[in-house]
Every structure is written in structure tokens, then in C-alpha cells.
Amino acid sequence: MISVEGLSVEFSAKPLFTNASFVVNDRDRIALVGKNGAGKSTLLKILCGMQQPTGGVVSIPNDTTIGYLPQVMILQDDTTVREEAQKAFSHVHALKERIDRMNQELSERTDYESDSYLSLVERFTQEHDRYMMMGAENCEAEIERTLIGLGFVRTDFERPTSEFSGGWRMRIELAKILLQKPDVLLLDEPTNHLDIESIQWLEQFLAQSAKAVVLVSHDRAFINHVSNRTLEISCGHIIDYRVKYDEYVVLRKERREQQLRAYENQQKEIADMRQFIERFRYQATKAVQVQQKIKQLEKIVPIEVDEVDNAAMHLKFPPCLRSGDYPVICEGVRKAYGEHTVFSQVDMTIKRGEKVAFVGKNGEGKSTLVKCIMGEIPFDGNLKVGHNIQIGYFAQNQAQLLDESLTVFQTIDNVAKGDIRLRINDILGAFMFGGEASDKKVKVLSGGERSRLAMIRLLLEPVNLLILDEPTNHLDMPSKDVLKEAIKAFDGTAIIVSHDREFLDGLVTKVYEFGGGKVREHLGGIYDFLRSKQISELSELQRTPSSPSSPSTPSSPSTPSTPSTQKNNYVEHKEQQKRLRKAERAVEESERKISDMERRLKELDTLLMDPVNASNMELVTEYTSVKKAVDEEVERWEKLSEELEQLT
């Protein structure tokens with residue numbers, strides 16, 4: 001589908017990669033890997049035609065279509081969800097306009113026997129057949145099916161895209177690409193800001209329905225489940241491994257060991273030649289041999305060893321004060337926005353040294369509870385932060401809060417205190433900001449580089465309670481591995497909000513599940529939690545009914561499911577998921593209406609408190625009407641919430 005020959009890319013005379021050649025075939029699931037800044041996003045832009053290479057050729061057949069999901073989305077805030085999705089069919093609408101114009105011309109002309117008329121008839125027939133083959137008459141039905149499949153309800157279709165969070169905006173953009181049915185999908189960090197259920201849905205779609213895929217992702221589980229081929233950008237070259245990601249890791253290790261052995265042998269050979277040249281340079285009897293050695297030395301092509309492993313992060317949290325035995329205690333904690341209850345009756349005790357995970361769908365209150373612990377928002381109930389607690393907080397938007405006008409070095413120098421300032425270059429080097437990279441402006445850094453820079457800031461002060469909200473977004477896989485090991489070795493307590501199963505595996509000893517306004521505690525690691533819920537993926541949390549009255553017996557081996565049973569269970573899960581999504585969206589829609597009306601009531605309260613408006617009957621009538629509507633909607637919300645609770 002796509003043929004790349006002799007591709008070279010340079011920035012400021014510095015090559016990203018040179019002489020790269022590969023082919024993207026039908027049914028390929030290609031994982032594009034390499035360290036941050038290696039050129040992964042640049043390569044995707046070149047493949048979709050958004051950027052031109054310095055040299056080489058990218059050949060794409062005229063009838064091949066490409067869908068590109070960028071790492072940073074730009075959506076118009078003045079469009080609705082439906083209007084944004086309809087942009088996927090812009091080419092169909094343009095074709096329809098051409099057909100209509102030709103049809104109008106045919107009805108007006110009378111030169112039926114002329115060659116131009118017959119040519120027009122032929123063009124009209126071809127274009128009309130093409131239009132019908134596209135299934136263009138079913139565009140609106142496809143839009144609805146796709147949006148509903150991605151979790152939207154029909155009441156969302158006319159809402160402005162500006163009302164949706166980053167995760168839901170990603171789904172809108174993804175829906176547009178899927179509706180286009182491209183021959184090649186180019187996805188740059190598609191899992192960033194998606195909840196686990198969305199990631200699992202995307203995994204299934206890419207594995208089963210897509211034609212060809214080239215993707216960049218730092219989610220190890222996601223990339224391994226999807227890929228059947230791996231392209232690595234390393235040392236300015238692109239190496240093609242025709243295996244899935246996990247197998248690539250093994251082959252990559254073997255290849256680097258071979259590189260090291262070859263490099264060491266070459267260095268020994270070079271040293272021997274130089275020694276011979278220096279020893280016999282001025283002896284006439286050895287002049288011919290010396291000249292031969294000099295020519296051989298000039299012809300040697302230096303063997304490169306991938307610097308990813310050489311420049312791995314070495315994270316170590318500094319010593320900190322010993323905290324109290326219980327860093328966080330929650331008793332009957334409740335958080336609500338107006339009539340909407342995010343969670344209630346949260347009872348939680350986190351002991352010193354524990355590593356715990358907060359999991360659940362987006363919008364269920366994970367980040368909200370973190371903000372309660374941080375004291376950033378008010379709440380009801382008792383929440384105690386223990387004695388001698390020093391909190392280190394990494395928020396989802398931490399990387400976006402950096403001052404873009406500063407350099408990497410200045411960013412760290414401004415927050416470093418005392419003796420640590422003498423080691424800034426060492427710290428930056430450990431985070432792969434060594435040499436000239438420390439002089440880069442923050443505004444030119446990639447998402448991954450910004451996240452690493454924000455993480456450095458977190459490390460500069462000793463803390464004994466780490467709160468990390470999606471810390472692995474934009475971090476590359478080697479960085480995630482080192483961060484994981486550092487947290488495991490951390491003496492203090494850690495609360496980790498994450499959808500990354502591989503990152504949480506072996507790291508946490510307790511899981512708190514957020515869902516349906518409740519927070520439930522589960523002892524054990526992330527996969528112990530999944531087994532206790534009798535599910536294989538976190539995506540199934542919202543479609544598996546809880547059954548506390550009949551827990552599974554650990555000593556009893558589970559009975560293997562037959563294929564027919566698995567199929568029936570799958571169908572039941574899908575139906576349950578549809579019902580649950582519909583109920584969730586209905587509750588959210590009701591909450592939004594209540595919030596809007598309560599906001600208007602406050603505005604009316606303010607207006608009516610002004611003596612000038614005391615006798616304004618229009619305001620009084622509106623206040624009465626809105627108040628009645630709020631009461632009715634609250635009753636409706638309570639009914640919808642009960643239905644949702646029964647489903648969960």
C-alpha cells in the first residue's frame with residue numbers, strides 16, 4: 001500500500017534517520033518504536049503527506065486512502081458532535097454536488113446526439129455508480145452507529161464538542177477516521193487520555209476490522225496486543241522486525257549484544273592499526289605497510305550502538321521524613337456538584353509504605369478524590385492527612401503547566417535548592433536531557449519530553465506521599481520501566497491513578513475501584529483484582545454485575561468455559577454494556593440539565609436581590625418556572641440513577 005525508499009529527514013543539518021526503506025502491506029499492524037525525539041511522529045506526518053522528507057521517495061497508489069490521528073487534536077469548538085462526524089464524508093458530499101450539477105445539465109441540454117452529451121452521460125453514470133458503491137445514502141445511519149458504538153447517546157449528537165473532555169474528543173476524532181474507512185490508519189499515541197474501556201475497544205477494532213495500521217504508543221499491553229510487526233528508529237536508521245512487540249524486545253536485546261561485540265572487536269582492530277602506524281611510521285622498510293594501514297583505517301565505517309540503553313533514566317527519590325502510620329484516612333467522604341453525587345460514603349485507610357491504584361472509567365471520581373486529598377476542592381465527611389506528610393503530586397496536566405519561554409535547564413534551576421543545584425546536569429542527563437538538549441526551549445519539546453521534565457521537578461524535593469495522576473502518559477516504555485522500579489523502591493506511600501495495566505502489575509498491593517458513585521477496596525495486585533471480578537480486562541468492569549454474596553472460593557479451580565459458553569457470555573456482556581452505556585449517558589445528560597438550571601437560578605437570585613428588579617415579574621416568573629423544572633429533573637435523575645445502580 002505504501003512504499004518508502006531511501007527516506008532521509010534532517011533538522012538543522014542533524015539527521016533523524018537516513019536511507020530508510022520499507023513497505024506497508026495490507027493487514028500489517030506496525031508498531032513504530034524508538035526513544036522520544038527519534039522521529040516517530042515525524043515519520044507518520046511524512047507517510048500521510050503533511051511533511052516532506054529531506055530525501056527519498058514515499059510512493060502511495062492514487063486509490064489508497066490514509067487516515068491520520070495526530071497526538072494533539074485540533075477540533076473546532078463551534079461545531080456539534082454530529083457536524084464534526086459529518087466531516088468524514090466531505091468527499092461524499094462533494095461527489096453528490098458534482099452529480100447534482102451533471103444531472104441539472106443533462107435535464108437542460110437538448111443536443112442528445114452530440115459527442116459531448118454522450119460523454120456527459122457516461123461521466124454521470126460512472127460518478128453515480130461510484131456514489132452508490134460508497135453506500136452514501138446510509139451516511140447518517142453509519143454516523144449514528146459509530147458514535148453510539150463509541151459510547152455516545154443520541155442526545156449528545158447536537159451538543160458542541162467544546163463541552164466534552166479530552167477523552168471524549170479523542171473518540172469524536174477516532175469516529176471520523178473510522179467512518180472514512182481508510183486503507184491505512186496512522187495513529188499517534190491513540191491511548192493518551194482514553195479510559196481503559198476505550199483502549200480495549202480500540203484494541204479489538206484494530207485487530208479485527210482495520211486494513212493496515214501504523215501506530216505509535218507507549219502503552220506496552222496495547223501495542224503488544226495489536227502489533228504483528230515492529231519498526232524501530234534507532235541510531236538514525238529504521239530497522240524492520242517482522243514480529244509483535246514482545247518478541248521484538250527479545251530480538252532487540254540479542255541484536256544489541258551483537259552490536260556491542262562487533263563494536264568492541266572493531267575498536268580493538270582500530271587500536272591495533274593505530275599502534276602499528278605509530279610504531280613504524282618513520283621506518284622506510286615499513287612505509288608500504290603503514291600506508292596500507294592508513295587507507296584501511298580511513299575506510300572503516302564506525303559501528304554504532306543504540307544510545308537508548310546507554311542513556312536510560314536512573315530515578316531515585318531522595319530520603320524523606322518518616323510519616324505517620326496512616327497517611328490518608330477517609331471516613332464517609334462525599335463529593336457532589338449540585339445535585340450530582342460523584343461518590344459517597346468513601347471509607348479508606350492507606351497505611352504507610354502501601355502502593356495503591358485508583359482504577360475505573362473516566363468521570364467516576366478518581367482525580368476528584370485525589371483533589372480532595374490535596375485539599376484543592378471542598379467535600380463532605382472526614383478526610384485526614386497523617387502526621388509529617390509531605391506530598392509530591394503529579395497531575396495529568398503537569399506537563400502543560402511548564403513555562404514555555406524557559407529552557408530545560410532554567411526550568412529545573414528555578415526550582416532546585418541547595419546542593420542539588422550542583423547536580424542539575426547529572427539529573428538532566430539521567431532523564432535523557434544531556435548535552436545540548438538542556439538548552440532546548442520548553443516550547444519545542446515533545447509531549448514525552450515535557451512529561452519527563454515535569455517528573456524531574458517532582459523529584460527535587462523529598463516527599464513521603466506520592467500522588468501520581470496518569471504518570472505514564474507520554475512517557476516512553478524504557479522511562480516507564482525505570483519509573484516503575486523507582487516507585488517500587490520508594491520508602492514512602494504511593495497513590496497511582498492509571499489505566500496502564502502493565503505499569504500497575506507488580507507495583508501496587510491494593511486496588512480501589514471507582515464506579516456507580518462508590519469506591520470499593522480490593523486487596524492484591526491489579527491482576528488479582530481482575531481475577532476477583534471474574535474478568536480478564538479492566539474494560540469489563542462496567543458490564544459485569546457484582547455479586548458480593550457469592551464470592552469465588554480461592555481453593556476451587558475454575559471450570560474452563562466451552563466456546564459456546566464464552567460466545568453466550570460475550571453476547572450477554574455486549575448487551576449489558578449497551579444498556580449500561582445508555583443509562584450512564586442518560587444520567588449524565590440529566591446532571592448537565594440540572595447543573596445548567598441551577599446556574600440560572602443563582603443568576604436569577606442575584607438579579608432579584610437588586611432592589612431595581614424587585615418588582616420585575618418576568619424574572620419572578622422565570623425563577624418559579626426554572627425552580628419547578630429543577631425539582632422535576634431531580635426526580636427524573638433519581639429514577640435514572642436507581643436504574644443505573646441496578647445495572648451495576
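Whole number please: convex hull volume per residue, Cα atoms of segment 1-151, in Å³.
Value for segment 1-151: 205 Å³ per residue.
Based on the alpha-carbon gyration tensor of segment 349-430 and its eigenvalue square roots a ≥ b ≥ c, which shape applies: rounded if a/c is under 1.5, prolate if not and a/b is larger than b/c, or oblate?
Taking the square roots of the gyration eigenvalues as a ≥ b ≥ c, segment 349-430 is prolate.
Can you give the FRET efficiency to the nearest 0.05 for SER8 and GLN208, using r as the Cβ-Cβ distance and R₀ = 35 Å?
Once rounded, the FRET efficiency stands at 0.45.
Rounded to the nearest Å, what's the spacing between the alpha carbon centres of segment 506-521 and segment 621-642? Just the number, please.
One Cα centre to the other: 33 Å.
With a point put 7 Å past each Cα toward its Cβ, work out how far CYS235 is from HIS91 in nm, to one decimal.
Going by the 7 Å Cα→Cβ label model, 4.0 nm.
Show the residues, 5+ positions off or on another chain, whose built amide H is closer than 5 Å to the amide H of ASN192.
Those qualifying (amide H under 5 Å, at least 5 residues apart or on another chain) number zero.
Sort the following peptides by mean Cβ neighbour count (other Cβ atoms within 10 Å, averaged over residues), highest first: 494-507, 57-70, 343-356.
Descending mean neighbour count gives 494-507, 343-356, 57-70.
Mind giving me the nanometre distance, one decimal, between the label points for GLU589 and ARG274, set 7 Å out from Cα along Cα→Cβ?
In this crude spin-label approximation the distance works out to 7.4 nm.
If we sort 143-150, 459-466, 619-626 on the protection proxy, mean other Cβ atoms within 10 Å, highest first, what's the order?
459-466, 143-150, 619-626
Of the peptides 43-50, 275-282, how do they stack up when ordered by the mean number of other Cβ atoms within 10 Å, highest first?
43-50, 275-282
Taking R0 as 35 Å, what's the FRET efficiency between ASP610 and LYS384 from their Cβ-Cβ distance, rounded to 0.05?
0.25
Which lysines, if any, have their Cα less than 28 Å from the Cα of LYS268, not counting same-chain residues under 8 positions apart?
Those lysines meeting the cut-off are LYS253, LYS286, LYS293, LYS295, LYS299.
Around PHE343, which amide H atoms from residues at least 5 apart in sequence, or from another chain, sit under 5 Å from its own amide H, with H modelled in the peptide plane?
LYS335
How much net charge surrounds ILE60 when only the other residues with a Cβ under 13 Å from the Cβ of ILE60 are counted, with Lys and Arg +1 and Asp and Glu -1?
Computed value for this residue: -3.
For LYS443, go through the lysines and keep the ones whose alpha-carbon is under 25 Å away, minus same-chain ones fewer than eight residues off.
LYS14, LYS35, LYS40, LYS45, LYS417, LYS480
Using a 7 Å offset from Cα along Cα-Cβ at THR65, what residues in segment 90-113 end up with backbone N under 11 Å from the label point?
Hits in segment 90-113 for THR65 at 11 Å: 90-93.
Once both labels are modelled 7 Å past Cα along the beta-carbon direction, what's the ASP111-ASP596 spacing in nm?
5.7
No value in this document is a laboratory result; all are computed from the given coordinates. This one's a predicted model, so the numbers in the text were calculated from it and none came from an experiment. Reconstructed Cβ throughout: ideal geometry from the backbone, glycine too, with neighbour counts over all protein chains shown.
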